[in-house]
Amino acid sequence: MSSRELTALRLERTFAATPEEVFDAWTSPEVLARWWAAQPAWTSPGCEVDLRVGGRYVLRMRDENGRVYAVGGEYREVSRPRRLVYTWCWEGTDGPDPGAVSLVTVEFHPEADGTTVVLEHSGLPSEQSRTGHETGWIGTLENLARRIFDADERS
Amino acid sequence: MANQAQLDRTFAACAHPIRRGIIERLGAREMTVGEATCDFAVSKPSISKHLRVLEDAGAIVRVIDGRTHRLRLTEHALDDAQQWMSDQRAIWERKFDVLEDYLAQQRARRARDSMSEAQRDSDAAGGRERGSARRGKDAG
């Protein structure tokens, strides 16, 4: 199996702005709060960002019943305006993936007409990947699911 | 939301190249154990272990037909994992949407600011001209 197939969840989009603008917006608490108010009736009671290697971030959202969901992590690499790496972990025991730590890598590529953001979210806990386990099984699953079951996945 | 233990089992089932290889082969059609596991260059006990992990995860089923063991993929073998994946994708797609809106607003604000700045500059320039004309008049 090629390394390409072993890539994690990957998204790409081009924005009409400089890498600096996109990088700053990516980490801006204002953008994070808007993003995190996931449904119209939901609110984001606050985001904390300590943008430096080893610094932490926390994003919170509150649903219409007042229940708060939080995700947080630690910045592993902060290279403005080219690259950002951070861990991703749902807090509490009733989140979508309690206790599972995953890794988010964001690259900002300058283009003639803007900046292409390439995001990779790999689900394997970093502790495991350090000990040499297989990485990128998410992408494999996605490929497999698409190929084998011909699921209607958005391309 | 998917059952966490089941999700763990599904991802674990896919977390090995031999097990992924078996899943891929069975994606084409039902096979005998021999067909599905040949050429992996590992011992028989090791193959048995991988098959057990896949069976425990509910990814494959074994149909025993006399002395022949046949393997096939379960119909919804990877559904829960795939659902999890598309949930993650939706989260990030939304961030891209928000970012796009935000950057467009920033751009519009900058354009507005530079227009009103140009307006101020031209007003100020006009004022200076008027001022110097006045000063000229005063001097005269």
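The values are calculated or read from the model by the stated rules, or taken from the named source; none is laboratory data. Computed from a prediction, not measured in an experiment: that's the story for all the values here. Cβ coordinates were reconstructed from backbone atoms using ideal geometry, including for glycine residues, and neighbour counts include every protein chain displayed.
If you go through region B:36-43 one residue at a time, do you hit one that is surrounded by 13 or more Cβ atoms within 10 Å (Cβ to Cβ) and out of contact with any strand residue (DSSP E or B) (no Cβ under 6 Å at 6 or more places or on another chain)?
There is at least one residue in region B:36-43 that is surrounded by 13 or more Cβ atoms within 10 Å (Cβ to Cβ) and out of contact with any strand residue (DSSP E or B) (no Cβ under 6 Å at 6 or more places or on another chain).
If you take the residues in region A:1-33 that are assigned to a loop (DSSP other than H, G, I, E, B) and modelled with pLDDT under 85, which one is nearest to A:MET61 (Cα to Cα)?
A:ALA8
Give all pairs with beta carbons closer than 8 Å in which a residue from region B:66-80 that is without any contact (Cβ under 8 Å) to a residue 12 or more places away in the chain meets a residue that is of a type in the set (A, V, I, L, M); count only pairs at least 6 apart in sequence or on separate chains.
Pairs found: B:ASP79/A:ALA145.
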